[in-house]
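The values are calculated or read from the model by the stated rules, or taken from the named source; none is laboratory data. As the structure is a prediction and not an experimental result, all values here were calculated from the model. Cβ placement follows ideal geometry from the backbone for every residue including glycine, while neighbour counts extend to all protein chains displayed. Just so you know, the surface numbers come from the protein's heavy atoms only, side chains and all, with ligands and any DNA or RNA stripped out. Shrake-Rupley method; radii C 1.70, N 1.55, O 1.52, S 1.80 Å.
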Amino acid sequence: MRDGGPLRQAGLALLLMAAGTGARPRPAVPGEQPRCNVVLVACDSLDGRLTFYPGNQTVDLPSINFMKRHGTVFLNAYTNSPICCPSRAAMWSGLFTHLTESWNNFKGLDPDYVTWMDLMEKHGYRAQKFGKLDFTSGHHSVSNRVEAWTRDVNFLLRQEGRPMVKLTGHKKQVRVMEKDWQNTDKAVNWIKEEAVNFTQPFILYLGLNLPHPYPSPYAGENFGASTFLTSPYWLEKVNYEAIKIPKWSSLSEMHPVDYYSSYTKNCTGEFTKEEVRNIRAFYYAMCAETDAMLGEIISALQDTELLGKTIIIFTADHGELAMEHRQFYKMSMYEGSSHVPLLVMGPGVREQQQIPNVVSLVDIYPTMLDIARIPVPQNLSGYSLIPLLHEKAESEVSPRGPRPSWVLSEFHGCNVNSSVYMLRTGKWKYIAYSDGSSVLPQLFDLTADPDELTNVAIKYPVTVHSLDKILRSIINYPKVSSSVHEYNKQQFISWKQSLGHNYSSVIANLRWHQDWLKDPKKYENAIDKWL
């Protein structure tokens, strides 16, 4: 599908409506408090289940615990697409992935897209951002985009290095992910040297790369990232005895899409329990380092006496499977990958509150506008979290009425050989694939089966039918899958033509080079057949 396709045009119409043209901040009511400052800390790959019981037993996360004591934790917060760029595109636009056509890590928002931060700045907020943004098109490795484009090709190639751990430094080494610490320092200095002097409210964004795994140089073009790396200092924060070793289905019993994911992520080989425990422990240690950076921001606000005037939001773009379901990384609708942390504290936010409602990252956009008292566009996919945080009936405060009882997540990128759609509502998680008929759906009862080990879709056909009907009322998913299929082909053809005679050499040496070079002609022929 070309850039001018019908989905793209619909997305542009939404963008123009969402730009808040002519909207003014709501006039202050006499006696009303001044508008709050806002700080959003968004990390990469933090499993949301670590922020509440029992997941929080595995690692010490004092800053997250501080936010829980003095604020609110959402128990069922989800990414709208479990991969970096599309997930962040949803968070910065307030729109579902299919509306902005953020199909993969190469295809996100246009650089001039009007975000909630743009609107807040336009309406009197001082705005600053540091660190990882990753919501616009044109980034990530060539491998990453080619793997996404060719996911429909009839071949199976390992696209990642085998997950592994690496210990670095010494028992007193705190700063392992130096780039994240540098960005945290910048944010802290900005609070202490600039924000403290502002007469206007401010919005500060800090994007962290942790606890995303580190590059594995042996894995070829742009390396992939399959190394869980930390220092002894952080590893001591992990409670090894609380680490669950996940149960795995046999390879022959796996859902076909899960098998493809496990294989392309280089996880179908043998792993000892010790290897799996270590991968999970090192991942949790990386989460502890992330938590410390959040703590630096909270401390800076305390030191400058801004904490009482500032709403702090902590979240992530997606989770990390850490060897659950025989996979690492994300790109999956299983809880480890799709469930994100979401904590809020600050003026007006109830303390020690746990909210069970399902929410998702598209809710950040209307929430930010609500905090800034900017009229919220009616066409956004998300709903403001403020009524939940203040325990108000949403029908009283939102012209749109109450938020839906479901959230939507979708995935169209690499390491998964089908478009995937998740509807999460009540105790159910319903996962549909492709056109809704060529790949069997999955249904999990998260109350009875929190580890998602038993697909009960065949056992509950009436529930499947009902949930599929709701899903189709939100998104015409067979049509979206078809659009992505066409987009992938056209993008690949353009890329192939741009390489000319270098095509065979370039495609052979992407991240899948270890498998590809065993039989290059076979894999080139498979692509020709697909085209």
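Points to keep in mind about this one:
- Among F228, Y365, Q302 - extreme Cα towards positive end, dipole of the chain, charges at beta-carbon: Y365
- Accessible area expressed per residue, the chain, with surrounding protein chains retained (probe 1.4 Å, Å²): 40 Å²
- Rounded to the nearest 500, the helix-only mean residue ellipticity at 222 nm of the chain stands at -10500 deg cm²/dmol, with each DSSP H run of n ≥ 4 adding -39,500 (n - 2.57).
- Rounded to the nearest 10 degrees, the inclination of helix 520-530 to the longest alpha-carbon principal axis of the chain is 70 degrees.
- Tail fraction, Cα-Cα pairs, the range 37-391, threshold 28 Å, whole percent: 41 percent
- Unsatisfied cross-links (Cα-Cα over 21 Å) in the set K68/K179; K166/K265; K68/K129; K273/K518; K132/K172: K68/K179; K68/K129; K273/K518; K132/K172
- Shape category assigned to the range 93-140 from the gyration tensor of Cα positions, a/c cut at 1.5: oblate
- Taking the DSSP beta bridges with both ends in the range 37-391, the antiparallel portion is around 30 percent.
- Rounded percent of accessible protein surface that carbon and sulfur make up, the range 125-192, 1.4 Å probe: 48 percent
- Whole-Å distance, taken between Cα centres, linking the range 132-211 and the range 474-531: 27 Å
- Among the GluC sites (Glu not before Pro) in the range 129-217, those placed in a DSSP loop whose Cβ has at most 13 other Cβ atoms within 10 Å are E194.
- DSSP-loop trypsin sites (Lys or Arg not before Pro) across the range 90-179, with at most 13 other Cβ within 10 angstrom: K171, K172
- The alpha carbon gyration tensor of the range 84-200 gives principal lengths a ≥ b ≥ c with a/c of 1.5 or higher and a/b no greater than b/c, which makes the shape oblate.
- Taking other residues whose beta carbon is less than 12 angstrom from the beta carbon of F282, and scoring Lys, Arg as +1 and Asp, Glu as -1, yields +1.
- Helix axis angle, 461-474 relative to the chain longest principal axis, alpha carbon, degrees: 60 degrees
- Carbon-plus-sulfur accessible fraction, the range 386-481 (probe radius 1.4 Å, protein heavy atoms only): 56%.
- Applying the criteria of a DSSP loop state and at most 14 other Cβ atoms within 10 Å to the GluC sites (Glu not before Pro) of the range 339-416 yields E351, E391.
- Spatial separation of Cα centroids for the range 409-440 and the range 300-367, in angstrom: 23 Å
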